[in-house]
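A.B. asks: Below you will find the structure I want to go over with you.
The values are calculated or read from the model by the stated rules, or taken from the named source; none is laboratory data. Values in this document were obtained by computation on a predicted structure and should not be read as measured data. For neighbour counting, all protein chains shown are included, and Cβ atoms are generated from backbone atoms with ideal geometry for every residue, glycine included. Ligands, DNA and RNA are excluded from the accessible area calculation, which covers all protein heavy atoms including side chains. Shrake-Rupley method; radii C 1.70, N 1.55, O 1.52, S 1.80 Å.
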Amino acid sequence: MTAAPHRPRPDTPPGPPVRPGRTRHVPLYGPGLDGDGLPALYERLRVEHGPVAPVALAPGARAWLVMGYGELLRVARREQEFSHDPRHWRLVHEGRVTADSPLLAFFGWRPALMFADGWRHRRMRAAVADALGRVDDGELGRLVRETADRLIDSFTGRHEADLVPHYAHRLPARVVARLLGADEQVSRRLAEAVAGTAAANADSPHAGRRLERLLLALLREKRRAPGPDLASWLLTHPASLREEEVLHNLVVTVVAAHQATKNWIATTLRLLLTDPALRSSLDGGCLTVDEALDLVLWRFPPTQNFPGRYALRDVRLGRQEVRAGDMLVLGLAAANEDPEVLPACGRPVTGNRAHMAFGAGPHVCPAQPQARLIARTAVEVLRRRLPGLRLAVPEERLAWTSSPWTSGLAALPVRFTAPWSAAEPTASRTRLACGDPGDRRRG
């Protein structure tokens, strides 16, 4: 991996600290958070507040958005200063975020690796990482190809499709469900519950409970009849996770895998349809699909912002005075755009994987190889099967989901002619020394 050219800032940069009581916390919710809305907001916040900005996650729910690359690394790496455990959140203790708040469907504590520090985190992460490590790459690639071919076969006769609901949404959901040992019916219900949980709206608590019930039923089935799947491997891991711990680690894994991979696939396909330089670089062998996927992770990471960390003591971060118990949101997309780490041209370097799309520190995503294999195969199969793919609407009419947490298309309508059979071989690619494509920004 090529490291980003990070130039660390001093712990106390120039400029007066801003007292939270005198600061307007900019809403990180509501309309205007789709398309170019969030990048424009990050740019404005960086100018006004520096690398750490005051935001509100809901009325009265204040937090800090960490947008500086170096500041984000500090927060992600220093568990002695910033905990993953939301039970440290001061607003909950003060009653300003109540038990029935939709925020707690997303931020509420669970007995899972995402919400633990130290040895508790290491114990659960070891079990999850070991289970993921038992997934055979060849078998996973075959499963993704078969799933992709079936999905494409389902719409090729119409010569048009919406690649978000018909492909990018269904493919990771079905693949993850198969990895868990679930059948097709459970797979569909899991996908619906995951989408509702990740929406972070008034229905999220209900969707979260539906997801837990589905996974709990699956776990109890696997305890009776274990198989070669993630659910069974977690249940029988030497770490001896309790059923509750296995359940909630699967909730975290399923939600992250589905939402992020769906958005990664859809955004990559959008760029291939709208960026002639990127498309010609791939067609000519100047760029691999993996490199195109990394450009997407730099410029349009599927997870925009990731909660949360909780300050364990008063600390100065950037120009802000962060109090013990404050929540900090990791601004993954904004950190990727930090002028301190980008080259002078403002574009990421091809092949550089020092982006923040998978997080950093002890909690960096443990499923990176599997997510990349799923996304890469999904893009490769679609490009092979539908070489004449084109947008069915002007690019400016593409609809985006409105969320402060994920960046994804709501729809990607396409048309195509003469689709290739699933039996046709994949064209070979030659890696050439070419310039860096993909420098066109959205809009």
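A.B. asks: Please find, among V194, V175, V144, the residue that is touching a helix residue (DSSP H, G or I) at 6+ places or on another chain (Cβ under 9 Å), open to solvent by less than 20 Å² (accessible area, probe 1.4 Å), closer than 28 Å to V414 by Cα and at pLDDT 95 or above. Let's see the steps before the verdict.
C.D. replies: Values: V194 fails: at pLDDT 95 or above; V175 fails: at pLDDT 95 or above.
Exactly one of V194, V175, V144 is touching a helix residue (DSSP H, G or I) at 6+ places or on another chain (Cβ under 9 Å), open to solvent by less than 20 Å² (accessible area, probe 1.4 Å), closer than 28 Å to V414 by Cα and at pLDDT 95 or above, namely V144.
A.B. asks: If you scan the range 48-69, which residues turn out to be closer than 15 Å to Y29 by Cα, of a type in the set (G, A, S) and out of contact with any helix residue (DSSP H, G or I) (no Cβ under 7 Å at 6 or more places or on another chain)?
C.D. replies: The answer is A56, G60, A63.
A.B. asks: Name the strands (runs of 3 or more DSSP E) wholly inside the range 266-358 in which the number of residues that are open to solvent by 10 Å² or more (accessible area, probe 1.4 Å) and not small (G, A, S) is 1 or more. Steps first, answer last, please.
C.D. replies: On the way: elements: 306-311, 315-317, 320-322, 327-330.
By residue number, 306-311, 315-317, 320-322.
A.B. asks: Given the criterion touching a helix residue (DSSP H, G or I) at 6+ places or on another chain (Cβ under 9 Å) and free of Cβ contacts under 8 Å to residues at least 60 places away in the same chain, identify the matching residue among V289, V296.
C.D. replies: On the way: V289 fails: free of Cβ contacts under 8 Å to residues at least 60 places away in the same chain.
None of the others qualify; the one that does is V296.
A.B. asks: Scan the range 241-252 and give yes if some residue there is under 29 Å from F107 (Cα atoms) and in a loop (DSSP other than H, G, I, E, B), otherwise no.
C.D. replies: yes
A.B. asks: May I pose another question? Taking the range 359-374 on its own, how many of its residues are under 10 Å from the mean Cα position of the chain (by Cα) and either without any contact (Cβ under 8 Å) to a residue 24 or more places away in the chain or on the phi > 0 side of the Ramachandran plot (or both)?
C.D. replies: Matching residues across the range 359-374 total 1.
A.B. asks: Go through (1) closer than 27 Å to H166 by Cβ; (2) open to solvent by less than 10 Å² (accessible area, probe 1.4 Å); (3) of a type in the set (V, I, T); (4) out of contact with any strand residue (DSSP E or B) (no Cβ under 9 Å at 6 or more places or on another chain) and name the single condition T253 misses.
C.D. replies: Here T253 clears every test but (2).
A.B. asks: So how many residues does the range 380-413 have that are of a type in the set (V, I, T), buried (at least 16 other Cβ atoms within 10 Å of the Cβ) and more than 19 Å from F306 (Cα to Cα)? Write out each step before concluding.
C.D. replies: Within the range 380-413, the subset of a type in the set (V, I, T) is 381, 393, 401, 406.
Filter once more, so that each one left must be buried (at least 16 other Cβ atoms within 10 Å of the Cβ): 381, 401, 406.
So of that shortlist, the ones also more than 19 Å from F306 (Cα to Cα) come out as 381.
Total satisfying the criteria: 1.
A.B. asks: Another one. Just to be sure before I move on: is A375 in contact with a Leu (Cβ under 7 Å, 6 or more places away or on another chain) and either more than 22 Å from E79 (Cα to Cα) or among the aliphatic types (A, V, I, L, M) (or both) in the structure I sent?
C.D. replies: Details: in contact with a Leu (Cβ under 7 Å, 6 or more places away or on another chain): yes; either more than 22 Å from E79 (Cα to Cα) or among the aliphatic types (A, V, I, L, M) (or both): yes.
Judged against the criteria, A375 is a match.
A.B. asks: I need the helices (runs of 4 or more DSSP H) fully contained in the range 124-236, keeping only those with at least 2 residues that are without any contact (Cβ under 8 Å) to a residue 40 or more places away in the chain and within 29 Å of A99 (Cα to Cα).
C.D. replies: Numbers: elements: 137-155, 170-180, 184-198, 204-224, 230-235.
It comes to 184-198, 204-224.
A.B. asks: Can you run down the residue pairs with Cβ atoms below 9 Å, 6 or more apart or on separate chains, where the first is in the range 345-358 and within 14 Å of L332 (Cα to Cα) and among the charged types (D, E, K, R) and the partner is assigned to a loop (DSSP other than H, G, I, E, B) and at pLDDT below 70?
C.D. replies: R353/M1; R353/T2
A.B. asks: I need every pair where a residue in the range 311-328 that is touching a residue at least 40 places away in the same chain (Cβ under 8 Å) has its Cβ under 7 Å from the Cβ of a residue that is β-branched (V, I, T) and open to solvent by 50 Å² or more (accessible area, probe 1.4 Å), sequence separation at least 6 or different chains.
C.D. replies: Taking only residues 6 or more apart or on different chains, the pairs are R316/T12.
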